[in-house]
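**Student:** Have a look at this one.
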Amino acid sequence: MPNSKPEFEYVSPTKLRFDPGNPRFYIHTRSGNKLSQEEIQALLEKEPHLALQLVDSFLENGFIDYEPLVVRREGGHYTVVEGNRRLAAIRHILANREKYVQLSSKIKDLENIPVLSFPESRSRKNIKEQRIYLGVRHLFGFRDWPAENKAAFLDSQIKNANDLQRTMKELNIKKTEIARYLIPYRLRKMAANLFERYKDQDFWILGEGLSRAGIKEYLQLDVDQGSLMVRGLNKKNLERLLVFIYGIPSAGGKRTSKRIKETRDLSMLARVLESPKARVVLEGGKTIAEASFFLGTHEENLLRLKQLIRELKMLLNDIIAKQGKVINPVLTQFNRLEEAIKKFLKNVKKTDL
């Protein structure tokens, strides 16, 4: 009976292949085109992977046996499950021997490197072992993938309610944690045309946004709780939300009208979107701060304005204290502002805010 356990062995790098389906390469294969081995090599040498940073370590220390590449046997070669950057660095060294001729003995040590190889069998048990290995190591382990790559891996593993329950059990993670990655990923797949302008933007800020109830309600997001499949949403509101979060693309690659400057702004955005009046103001082009004045009662807004003035005055006093001298022009302008606001607060009518 063939061995079903992974085995430790030494193999030539010429027998090793990058896996084009590895979630590490997801963002480069969204169009569905499969990367060649040469394209993956070039990709791994550049940012953000920077595999060539490992070259000096290999030339000085060789390959450390206790951290082998993890591979899967496939016919006459092995496909790398874990260790793509290290393989890229070794391939670079072996392809450029003339550059490192003074270290020829070190290079020779790289002609056979240690691997932990899973058998070629595609049995259910074998697939499960590889799946758990990748999940534990990269989803929530010490070799984290970026958030988008985690989402891609989870999407490839979870197609129905049974898959979701299995993944939760195998990896010992909660459904809410899986949902934080999977729902924004699947939302983006459903509305791929709307995301085309934002494909290079931070994936995780959308995931953070969808953890706020007000944003989910604004999108009218319908998710099957058994499989976490996205069944429907309001695409018009999604289009607006993307502008709020990422801005509008303009000439030179810059973006305008971006409402979100940092993650904590998402909570205020959610509150604004929950309020019909504040939402209309935001959709009309105002900032989140401007729209937020329509969240509370008249009295609450007056109190907020007074608090802002107090905080501004304290900040100004701190600046003056640190400068060691009074900044007369600044004080003069601030005092004028304070008097104008006091006059406004005294005369304002309830209908004014």
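**Student:** I'd like to verify a number: residues in the stretch 167-212 that are in contact (Cβ under 8 Å) with a residue 60 or more places away in the chain and either outside any helix (DSSP H, G or I) or under 16 Å from residue 155 (Cβ atoms) (or both), how many?
**Tutor:** To start, the set of residues in the stretch 167-212 that are in contact (Cβ under 8 Å) with a residue 60 or more places away in the chain comprises 199, 205, 207, 209.
Pick out the ones that are also either outside any helix (DSSP H, G or I) or under 16 Å from residue 155 (Cβ atoms) (or both) and you get 199, 207.
Selection size over the stretch 167-212: 2.
Results for (1) within 27 Å of residue 66 (Cα to Cα); (2) outside the structural domain of residue 109 (by TED's automatic domain parsing); (3) at pLDDT below 70; (4) not in a loop (DSSP other than H, G, I, E, B), shown as yes or no for each residue.
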position: 1; (1), (2), (3), (4): no, yes, yes, no
position: 14; (1), (2), (3), (4): yes, no, no, yes
position: 20; (1), (2), (3), (4): yes, no, no, no
position: 24; (1), (2), (3), (4): yes, no, no, yes
position: 32; (1), (2), (3), (4): no, no, yes, no
position: 39; (1), (2), (3), (4): no, no, no, yes
position: 44; (1), (2), (3), (4): yes, no, no, yes
position: 48; (1), (2), (3), (4): yes, no, no, no
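**Student:** What residue, among those in the stretch 237-293 that are outside any helix (DSSP H, G or I) and touching a strand residue (DSSP E or B) at 6+ places or on another chain (Cβ under 9 Å), is modelled with the lowest pLDDT?
**Tutor:** Going residue by residue through the stretch 237-293, those that are outside any helix (DSSP H, G or I) are 247-250, 254-264, 275, 284-287, 293.
Narrowing the set further to residues that are touching a strand residue (DSSP E or B) at 6+ places or on another chain (Cβ under 9 Å) leaves 247-250, 255-258.
Working: 247: 85, 248: 79, 249: 67, 250: 64, 255: 56, 256: 64, 257: 67, 258: 70.
Of everything passing the filter in the stretch 237-293, 255 is modelled with the lowest pLDDT.
**Student:** Show the residue pairs that are 6+ apart or on different chains and have beta-carbon atoms under 7 Å apart, the first residue being within the stretch 62-80 and within 17 Å of residue 111 (Cα to Cα) and in contact (Cβ under 8 Å) with a residue 60 or more places away in the chain, the second being outside any strand (DSSP E or B) and among the aliphatic types (A, V, I, L, M).
**Tutor:** Taking only residues 6 or more apart or on different chains, the pairs are 80/87.
**Student:** Let me ask another. Only one of these conditions is not met by residue 202: (1) within 15 Å of the chain's Cα centre (by Cα); (2) of a type in the set (D, E, K, R); (3) closer than 28 Å to residue 160 by Cβ. Which number is it?
**Tutor:** Result: residue 202 fails condition (3) only.
**Student:** Quick one: residue 157 ticks every box in (1) surrounded by fewer than 17 Cβ atoms within 10 Å (Cβ to Cβ); (2) modelled with pLDDT of 70 or more; (3) among the polar types (S, T, N, Q) bar one, so which box is it?
**Tutor:** Status for residue 157: all satisfied but (1).
**Student:** Just one of the numbered conditions (1) within 33 Å of the chain's Cα centre (by Cα); (2) crowded, with 16+ Cβ neighbours inside 10 Å; (3) assigned to a helix (DSSP H, G or I) is not true of residue 79; which one?
**Tutor:** Of (1) within 33 Å of the chain's Cα centre (by Cα); (2) crowded, with 16+ Cβ neighbours inside 10 Å; (3) assigned to a helix (DSSP H, G or I), only one is false for residue 79: (3).
The values are calculated or read from the model by the stated rules, or taken from the named source; none is laboratory data. Not measured: the values here are computed from a predicted model. All Cβ positions, glycine included, derive from the backbone under ideal geometry; neighbour counts span all protein chains shown.
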